[in-house]
Ligand code: N01
């Protein structure tokens with residue numbers, strides 16, 4: 001048994017995860033004088049960017065905006081080589097931050113948290129790791145990200161397959177050489193759409209198995225120019241502040257007109273220009289694309305026509321053109337030559353929308369009654385998003401209540417930050433907050449600041465426990481659904497709705513009311529003496545009263 005296994009440690013705070021949330025939390029907690037341990041499942045920092053190393057992995061928020069704003073020197077000194085950064089550059093940035101702020105000494109790598117139970121008598125969390133260590137902490141923060149539990153579908157015969165299998169969300173660290181191989185890619189979400197063009201360049205043959213086609217906009221990525229970089233760096237503090245109060249936490253130049261308020265020529269012209277600019281700003285072509293089916297239809301049809309224009313084989317083009325849900329209601333994809341890839345001789349598309357893959361064989365798989373042979377199968381099949389990673393830990397609050405049990409019909413949080421009956425458990429970008437419907441870095445910084453300032457408030461007022469009121473939580477849960485129901489989002493079978501996981505409750509999990517609106521709500525909550533939260537005084541102080 002190692003020293004750590006025998007040790008029972010007590011700290012002020014345990015943070016799970018050393019991605020962008022965990023790193024910034026640790027930095028802030030340390031400045032506050034909290035003794036803090038970060039427990040990280042991976043062998044290094046970076047979270048999503050540590051695990052998602054598949055060929056072509058890239059962020060689709062611009063680098064100048066997808067970065068920390070909390071330190072002026074950091075944002076001035078760091079240089080991003082491209083407009084949209086590739087995974088290795090983002091991972092290098094996360095490592096730079098860890099070194100620059102000397103964070104590693106409080107992070108344990110290759111450690112998985114198995115359980116976290118709240119003890120009502122001691123008013124502390126007791127956290128257990130897969131290494132047998134037990135840690136007692138006043139504050140427990142799940143900084144585990146929203147899309148961090150990779151999902152491999154349970155297809156009959158998978159265990160018998162003799163070739164190699166990969167999942168985009170837990171890609172090997174060493175380079176995988178696909179030269180000369182026949183490979184299958186299952187899944188055409190953001191990950192598949194990024195990986196397929198790169199895999200097609202290397203492999204002998206790629207067969208893509210598509211259950212649902214996706215709308216994708218070209219990224220029009222390019223090397224960073226010094227003028228563009230300077231235009232951000234000169235005004236960074238002001239621009240960052242502006243971003244915090246936008247709809248999605250990024251500068252997208254929203255056209256303030258509804259799509260049907262302009263004539264057909266202006267509409268098409270607007271879509272053309274946005275397509276040329278590239279990126280997710282396409283959805284900001286008009287202000288009602290995610291609210292009005294009629295408006296959305298015009299944008300959806302524009303993209304379908306672009307696909308028909310790019311893909312030479314009309315049958316393949318039709319299969320690639322999404323028709324069963326409005327554009328933007330499944331996460332919009334951003335690509336580098338995705339549709340063009342289907343013009344290559346070595347790429348085939350197999351439609352499995354009518355019938356799922358039947359089984360995996362020793363040599364490949366069977367779909368649509370046909371046998372295929374592959375050297376490797378790449379699963380780009382997504383994640384048990386928003387709740388999957390929280391449920392992987394046996395989290396129990398008051399009266400031994402399991403988080404999973406409380407949330408059996410869907411996540412219940414106040415502001416996506418806390419859940420009643422789980423005192424001092426904070427979630428960074430939890431369900432019910434803008435999270436995945438925002439520039440994650442903006443939302444992460446906001447939540448980390450909220451949590452840190454809540455702890456400062458508690459310390460200043462002799463408070464020991466913080467927890468939402470059940471009424472405030474119920475109202476928030478309703479408000480999250482009301483906000484979603486005003487949009488077209490519930491019309492798609494997306495992972496936002498939990499629809500990709502068999503048996504998962506079907507409801508919209510992130511808060512779609514807008515990053516700026518949400519931030520103002522949080523500010524009002526704090527200004528109103530943490531309205532909707534209740535606190536308990538330190539036990540000693542309470543006893544003396
Ligand atoms: O996962 P997904 P992802 N048989 O769930 C299919 C972020 N991200 O890893 O649509 C056959 O979107 C599934 O089909 P369907 C981003 O937020 C960001 O691609 O459910 N197919 C779908 O096509 C993104 O949204 C970036 O019918 C099966 C695909 O697999 C999120 O991560 C880059 C199947 C899964 O798509 C997740 O993206 C990458 C089965 N049994 C990811 N099961 C950037 O910043 C699932 N599928 C650019």
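The values are calculated or read from the model by the stated rules, or taken from the named source; none is laboratory data. Please read all numbers here as calculations on a predicted model, not as lab measurements. Here the Cβ positions follow ideal geometry from the backbone for every residue, glycine too, while neighbour counts run over all protein chains shown.
What the table shows:
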{"quantity": "Helices (runs of 4 or more DSSP H) completely within the stretch 314-393 that count 1 or more residues being in the same structural domain as residue 41 (by TED's automatic domain parsing) and either within 23 Å of the chain's Cα centre (by Cα) or within 12 Å of the ligand (Cβ to nearest atom) (or both)", "calculated": "388-392"}
{"quantity": "Residues within the stretch 502-517 that are within 11 Å of the ligand (Cβ to nearest atom) and buried (at least 17 other Cβ atoms within 10 Å of the Cβ), tallied", "calculated": "1"}
{"quantity": "Matching residues in the stretch 103-144 - criterion: being under 15 Å from residue 35 (Cα atoms) and outside any strand (DSSP E or B)", "calculated": "103, 104, 105, 106"}
{"quantity": "Matching residues, the stretch 87-97, being buried (at least 20 other Cβ atoms within 10 Å of the Cβ) and either in contact with a strand residue (DSSP E or B) (Cβ under 9 Å, 6 or more places away or on another chain) or in a loop (DSSP other than H, G, I, E, B) (or both)", "calculated": "87, 90"}
{"quantity": "Residue 520 vs. criteria more than 14 Å from the ligand (Cβ to nearest atom), surrounded by fewer than 17 Cβ atoms within 10 Å (Cβ to Cβ), touching a residue at least 60 places away in the same chain (Cβ under 8 Å) and part of a helix (DSSP H, G or I)", "calculated": "yes"}
{"quantity": "Answer from 131, 105 - the residue that is in the same structural domain as residue 455 (by TED's automatic domain parsing), surrounded by fewer than 17 Cβ atoms within 10 Å (Cβ to Cβ) and in contact with a strand residue (DSSP E or B) (Cβ under 9 Å, 6 or more places away or on another chain)", "calculated": "131"}
{"quantity": "Unique residue being in contact (Cβ under 8 Å) with a residue 40 or more places away in the chain, more than 30 Å from residue 188 (Cβ to Cβ) and away from the ligand (no atom under 16 Å from the Cβ) when the list is 130, 108, 71, 99", "calculated": "108"}
{"quantity": "Breaking point among (1) in contact (Cβ under 8 Å) with a residue 24 or more places away in the chain; (2) crowded, with 20+ Cβ neighbours inside 10 Å, for residue 276", "calculated": "(2)"}
{"quantity": "Flag if residue 217 is under 25 Å from the mean Cα position of the chain (by Cα), surrounded by fewer than 15 Cβ atoms within 10 Å (Cβ to Cβ) and either under 28 Å from residue 518 (Cβ atoms) or assigned by TED's automatic domain parsing to the domain that holds residue 438 (or both)", "calculated": "no"}
{"quantity": "Residue in the stretch 8-20 that is assigned to a loop (DSSP other than H, G, I, E, B) and more than 16 Å from the ligand (Cβ to nearest atom) present", "calculated": "yes"}
{"quantity": "Residue that is farthest from the ligand (Cβ to nearest atom) [pool: residues in the stretch 178-212 that are surrounded by fewer than 20 Cβ atoms within 10 Å (Cβ to Cβ) and closer than 15 Å to residue 316 by Cα]", "calculated": "210"}
